[in-house]
Amino acid sequence: MTFDLVEGDRPLRGVVVGAGFIGGQWAPELLAHPQTELVGWVDVAEERARASADALGLEDLPVSSSLTAVLDGEEPDFVVNCTVPEAHREVTVTALDRGVSVLSEKPMSITMDEARVMVRAADRSRRLFAVNQNRRFLPNLVAFRRTVAELGPLGVMTSEFFMPYKGVAFLSSLEHPLLQDMAIHLFDAARAVSGADPVSAYCESFRPPWTWYPGACSATAIFEMTGGLRYTFTGSWSAPGHATSWTGSWRVAGSYGTARWDGDGRPTVEAAKGHKVRRHRPEPDRYPGRTRFSGLAEGLEEFVTGLRTGRAPQGECHDNIRSLAMVTAALESVRTGARVAVAFDV
Ligand SMILES: NC(=O)c1ccc[n+]([C@@H]2O[C@H](COP(=O)([O-])OP(=O)(O)OC[C@H]3O[C@@H](n4cnc5c(N)ncnc54)[C@H](O)[C@@H]3O)[C@@H](O)[C@H]2O)c1
């Protein structure tokens, strides 16, 4: 175990950092979980944190523009880092260095250098640092992962992501909006589903003639994964029709058969001649009727279990850095035009 447990029979004290879109989704999770409480909310724009807290009826909740003031004043057990990616390193390392565990929104950081600094800070402080990849908890992704595990040694995996997506200003400011923002979800899902880690990457990122993005909104990548598996990804934010689901469209071929998933409904499987393969069903939603953002309650549950028992959550930083490494290696390949090795040593 690389992190210390939180002892004692009391709710875990949590602070949300960032009061934008996703911060507003996380705060209700800390209120809803029976073993956590929300003890503060931080945003560089303090009035945004105040307004978000008030909107939840939390007029007495301490808010501040100063993370260190809230860490020192409220002595939380953990923070949920809901800031923009550019601020992830500063917020996470500040909390870890004060002995506070961190559950972060994706991506861990923008660069691998930043990520290494963050993982080393977690190691140094012996605190739990995890990144929540909410799609891992989709019941049909779990069913797909279990079905793929029946296929024997894997050889080929593909995912496509096509969306006609407009209106988000920050995507238009990125040089490679698909790779820099969305791809981590697909790449992390590829690791989750296959159980394989990246070895090398070759990627091209480009602008189709009809795109409304100034940046390269489309990309194709080939990853060699452990075990010789090849994973190919193709996607675009400027899909001219036939959009996929937000979790893409998938095919995995192994020795015993092929599994497919549209990223939404139930996965299907076809056995290779002479083999039998089980098609796993999705388990019932553990939070039926919820109106909250999907995959946050499950991520918080794994994080709390980690702090109490030492069982690492799926997005524990030493694991999650491998998904970020797929993004940064793909970007390096785009820049150099070469196939590059994927390194995720800390
Ligand atoms: N898992 C998902 O599906 C999902 C969905 C949306 C966003 N996200 C991720 O969540 C993060 C935030 O996205 P968002 O859409 O909520 O952004 P946002 O711009 O709506 O909100 C970010 C907030 O962070 C604040 N902030 C910036 N730097 C800060 C700092 N140093 N300290 C404190 N506050 C700071 C900003 O003032 C802003 O209020 C991003 O990493 C994004 O990729 C994930």
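Every number here is computed from the coordinates shown, using simple stated rules; none is lab data. Small disclaimer: the values here were computed from a predicted structure and weren't measured. Neighbour counts run over all protein chains shown; Cβ positions are idealised from the backbone, glycine included.
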* Structure fact -> Scalar couplings 3J(HN,Hα) for the stretch 31-46 by Karplus 6.51 cos²θ - 1.76 cosθ + 1.60 (θ = phi - 60°), nearest whole Hz, x for Gly and Pro, are 6, 7, 6, x, 10, 10, 9, 8, 10, x, 9, 10, 8, 4, 9, 4
* 0 to 90° range, to nearest 10: angle between helix 88-97 axis and the chain longest Cα axis -> 50 degrees
* Between rounded, prolate and oblate, where does the stretch 151-251 land on the alpha carbon gyration tensor, with a ≥ b ≥ c its root eigenvalues, rounded for a/c under 1.5, else prolate if a/b exceeds b/c? -> prolate
* Gain on full stretching of the segment that runs from Glu270 to Glu46 - 0.36 nm per residue minus C-alpha separation -> 75.2 nm
* Only residues of the stretch 69-102 count here: report those whose backbone N is under 18 Å from the spot 7 Å along Cα→Cβ of His318, or say none. => 101-102
* Structure fact -> Simple spin-label estimate for Phe21/Glu59, 7 Å along Cα→Cβ, in nm, reads 3.1 nm
* Rounded to 5, percent antiparallel among DSSP beta bridges of the chain -> 55 percent
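What percent does the relative contact order of the chain come to when contacts are Cα pairs within less than 8 Å and at least six residues apart?
Answer for the chain is 20 percent.
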* Between Trp210 and Arg292, how many nm apart are label points set 7 Å from Cα along the C-beta direction? -> 4.0 nm
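To the nearest 20 debye, what charge dipole does the stretch 56-118 have about its Cα centre, counting +1 at the Cβ of each Lys and Arg and -1 at the Cβ of each Asp and Glu?
300 debye
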* Asked: Looking at Gly248, Val277, Thr94, which one has the Cα that reaches farthest to the positive end of the dipole of the chain (charges on Cβ: Lys, Arg +1; Asp, Glu -1)?
  -> Val277
* Determine the distance separating the Cα centre of the stretch 299-346 from the Cα centre of the stretch 94-159; give it in Å without decimals. => 5 Å
* Structure fact -> So, with points 7 Å from each Cα along the Cβ direction, the Ala338-Arg10 label distance in nm works out to 5.5 nm
* **the chain: angle of helix 112-125 to the longest principal axis, Cα-based, in degrees nearest 10** => 50 degrees
* How long, wide and thick is the stretch 255-300, going by the Cα atoms along their three principal axes, in whole angstroms, largest first? -> 44, 18, 16
* Of Val199, Val15, Val84, the one that fluctuates the most in a GNM where the chain has Cα springs shorter than 10 Å -> Val84
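For Cα pairs less than 8 Å apart in space and 6+ apart in sequence, what is the mean separation divided by the residue count of the stretch 19-68, i.e. the relative contact order in percent? Display every interim value, and only then the final one.
Numbers: 51 pairs, mean separation 18.2, N = 50.
Relative contact order here is 36 percent.
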* Asked: Can you give the Kirkwood hydrodynamic radius of the stretch 254-345 from its Cα pairs, in Å with one decimal?
  -> 17.4 Å
* Asked: Considering every pair of different Cα atoms, what Kirkwood radius, in Å, is found for the stretch 1-108?
  -> 13.7 Å
* To do: Take Trp26, Trp210 and order them by how many other Cβ atoms sit within 10 Å, fewest up front.
  => Trp210, Trp26
* **In degrees, nearest ten, helix 296-309 long axis to first principal axis of the chain (Cα)** => 70 degrees
* Structure fact -> Sorted largest first, the C-alpha extents of the chain along its principal axes in whole angstrom are 62, 45, 39
